[in-house]
Amino acid sequence: MAASAVETCPECDLLQRVPAAPAGTDARCARCGVALHVSPRSDLGRDAAWALTTLVLLVIANAFPILEFELNGRREAATVVDGVIAFWLEQRYELALVVLAVAVVAPAMHAASVLARSWLIARRGRRATARNWTLWSVRLAPWGMTEVYLLGALVAFVKLDDLASVVVGPALYAFAAMSILTAWTSTHAAGVWARLRDLE
Amino acid sequence: MQSTPAPAATSGAAAGYASCRTCHATVGVRDARARQYCPVCHGRLALRVPLSLQRTWALLLTAVICYVPANLYPIMTVTRLGRGQPDTIVSGIVHLVHDGQWPIALLVFFASIVVPVAKIAALVLLLVSVQGRWRWRVAERARLYRFIDVIGRWSMIDIFMISILVALVHLGAVANVSPGLGAAFFSAVVLTTMLAATTFDPRLLWDAADDRPR
Ligand SMILES: [Zn+2]
Ligand SMILES: [Zn+2]
């Protein structure tokens, strides 16, 4: 973007001239103070690395149990999808669909679309295709709730602890790793849109 | 670094610029009534989110209505040695306190009670302040909006906890956990308040303070 472009603040709509901010900093709105995200371009390699790692962790998170417990000699283990199936079998269909959507489908599709958009933009692929994947990645982001699921699993662990002996499964570690990774790498989507504008 | 406002503080909308809600691009709007799409992300452009206040009120009202059965009906029933014990959101927290699990009890208290109530109250305040054209503490109210937009998702903790317990504990009369109707209503509260936060347009706070009708 050219220096001193006219921008409107996305939060308060103030029309303002935004100076080109030095690298690593972000211009702030003169009225409400939010970051205007006009200068940075997202790091495509880092986004792709995040997406690939998250996809691998998601496979682990879905293939292995979150918690295992033993009571009177009987051993039980549950995966995320077991939780969905259990709701379904208890005729709580709406809860089954909600958990499936926010704990499995949205995180997986978000990571997949971040990978696709990074690859397409880096390869200078078709702009319309890159734009569609970027749109999906931005729209899905708020609905993936892996970090919330992690805390839900911890509460379940504590609730079971007085009932029987509980063991943490590999999936819980995968959820923890995903949460840390996302907190550490999360960037504003503006950098991706700037990349997309460069494709022209 | 601060940017420089236009000479007289004007909103983009008043000057004929739309800020795209999806990609935040600033785009000149020729005719506010004609359909125009963002050149960057191809999203529909609008000076303000269409029917923002009506849609937010509708979602918020749904959330308030669902909040009552969410707390009255049990969210799950725990059966131990043949004795079933239904748990509501509040009684689940009380049990955690009795078990001495203070940190977890506090976590669930915040996620299941403080967050939804604070979120509903904050959205009502924001809506009323826009409709009453308040000039009072606009920046603080804008910050409140950004905050509630971020915290809403954390209320799903209880739903995920129940999902895991129901899948794990099904030993018939010895030990069993089954989900309750309260959990379904509670997830509806979380989802409708999340949607209400996205349909609310924070720029209306500043419009009201400018006392300039959109
Ligand atoms: Zn602003
Ligand atoms: Zn756009």
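For a quick check of your reading: which helices (runs of 4 or more DSSP H) sit entirely within segment B:95-214 and have at least 1 residues that are touching a strand residue (DSSP E or B) at 6+ places or on another chain (Cβ under 8 Å) and among the aromatic types (F, W, Y)?
The helices (runs of 4 or more DSSP H) meeting that bar are B:203-210.
Just one of B:R55, B:R80 is more than 16 Å from ligand 2 (Cβ to nearest atom), in the same structural domain as B:Y145 (by TED's automatic domain parsing) and touching a helix residue (DSSP H, G or I) at 6+ places or on another chain (Cβ under 6 Å); which is it?
Being more than 16 Å from ligand 2 (Cβ to nearest atom), in the same structural domain as B:Y145 (by TED's automatic domain parsing) and touching a helix residue (DSSP H, G or I) at 6+ places or on another chain (Cβ under 6 Å) holds for just one of B:R55, B:R80, which is B:R55.
Report yes if some residue within segment A:38-51 is of a type in the set (A, V, I, L, M), at the interface with chain B (Cβ under 10 Å from one of its Cβ atoms), in contact (Cβ under 8 Å) with a residue 40 or more places away in the chain and more than 25 Å from B:V169 (Cα to Cα); otherwise report no.
Scanning segment A:38-51, I find at least one residue that is of a type in the set (A, V, I, L, M), at the interface with chain B (Cβ under 10 Å from one of its Cβ atoms), in contact (Cβ under 8 Å) with a residue 40 or more places away in the chain and more than 25 Å from B:V169 (Cα to Cα), so the answer is yes.
May I ask you to list the residues in segment B:12-30 that are at the interface with chain A (Cβ under 9 Å from one of its Cβ atoms) and of a type in the set (K, R)?
Within segment B:12-30, B:R21 is the sole residue that qualifies.
Would you call B:R33 among the basic types (K, R), more than 8 Å from chain A (Cβ to nearest Cβ) and away from ligand 2 (no atom under 16 Å from the Cβ)?
So B:R33 passes the test.
Can you confirm whether A:A77 is farther than 21 Å from A:R197 by Cβ, crowded, with 21+ Cβ neighbours inside 10 Å, among the small types (G, A, S) and touching a residue at least 60 places away in the same chain (Cβ under 8 Å)?
No; evaluated as a whole, the condition is false for this residue.
Select from segment A:74-113 the residues that are polar (S, T, N, Q) and under 14 Å from B:G180 (Cα atoms) and list them in ascending order.
A:Q91
The values are calculated or read from the model by the stated rules, or taken from the named source; none is laboratory data. Quick caveat, the model's predicted, so the values are computed rather than measured. Positions of Cβ are backbone-derived with ideal geometry, glycine not excepted, and every protein chain shown enters the neighbour counts.
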